[in-house]
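Contents: one structure, followed by commentary.
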Amino acid sequence: MPLQPQATSAQRARILATFGNSEGLDLAADLSRLHTLPDAEVTVLEAPKINQLHEALWQPQGWDIFFFAGHSKTQGRTGVIDLNATERLTVEQIRYALSKAIKNGLKIAIFNSCDGLGLAQELADLQIPYVVVMREPVPDYVAQQFLHYLLTAFAAGQSFHLAVGEARQRLAGL
């Protein structure tokens, strides 16, 4: 589905779900939630090498949503994600691939990982319409619940902006 600010079921949403270093995390819950999203085609990369992610982002059929779950942090002003057990990745390292993905339809980037402000600053330069990051460390369960609430509201037809707001509000009880 070419995701506009409002979800539609005209076409299947294409989601590139990247699961990075999962040490100490239960990423299976995130994967399960992605697979239950209606009208979505999910392609999963588990602990990929940088070149595998790079190639996936360059796919000509395009992606609607890029999703990352795993560990991340901000070093200075730079966001860093743990792509796998041995490789860390910055937005600069995949800048051209992300730019191509945006030209091919990428509209949403979700980083279900801790301390993503550095990622947000770098992604803002690329002008992805919607970017979601966690600004500080969050417990695994809270990140899982956020994704669940966000995807449930969005799949029900709420605009992405409203779905994010509702997901944040529902976390208040945690």
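Below, the figures for the structure above:
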| item | result |
| --- | --- |
| Sorted peptide list for 85-91, 22-28, criterion being average Cβ within 10 angstrom, highest first | 85-91, 22-28 |
| Prolate/oblate/rounded label for segment 50-153 (Cα gyration tensor, a/c 1.5) | oblate |
| Residue-averaged [θ]222 nm for the chain, counting only DSSP H segments that reach four residues, each worth -39500 (n - 2.57) | -10500 deg cm²/dmol |
| Segment 90-174 - charge dipole about Cα centre, Lys and Arg +1 at Cβ, Asp and Glu -1, debye rounded to 20 | 300 debye |
| Cα gyration tensor, segment 105-174 - rounded (a/c under 1.5), prolate or oblate | oblate |
| Spin-label pair residue 162/residue 49, simplified geometry with 7 Å Cα→Cβ offset, distance in nm | 4.6 nm |
| Percent carbon-and-sulfur accessible area, the chain, ignoring ligands, DNA and RNA, probe 1.4 Å | 50 percent |
| For the chain, accessible area per residue (1.4 Å probe, heavy atoms of protein chains only), Å² | 49 Å² |
| Per-pair calculated FRET efficiency, R0 = 30 Å: residue 32 and residue 103 via Cβ, rounded to 0.05 | 0.45 |
| Given (i) 53; (ii) 19; (iii) 6, the label whose value is percent of Cα pairs over 31 Å apart derived from this model | (iii) |
| Zone residues, segment 134-167, relative to residue 124, backbone N less than 20 Å from point 7 Å out along Cα-to-Cβ | 134-137, 161-162, 164-165 |
| Cβ-derived FRET efficiency at R0 30 Å, residue 136 paired with residue 86, nearest 0.05 | 0.70 |
| Ordering of 108-117, 49-58 by packing [mean C-beta count within 10 Å, highest first] | 108-117, 49-58 |
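The values are calculated or read from the model by the stated rules, or taken from the named source; none is laboratory data. All figures in this text were calculated on a predicted structure; none of them were measured in a lab. For neighbour counting, all protein chains shown are included, and Cβ atoms are generated from backbone atoms with ideal geometry for every residue, glycine included. Surface areas here come from the heavy atoms of the whole protein model, side chains and all, with no ligands, DNA or RNA. Shrake-Rupley method; radii C 1.70, N 1.55, O 1.52, S 1.80 Å.
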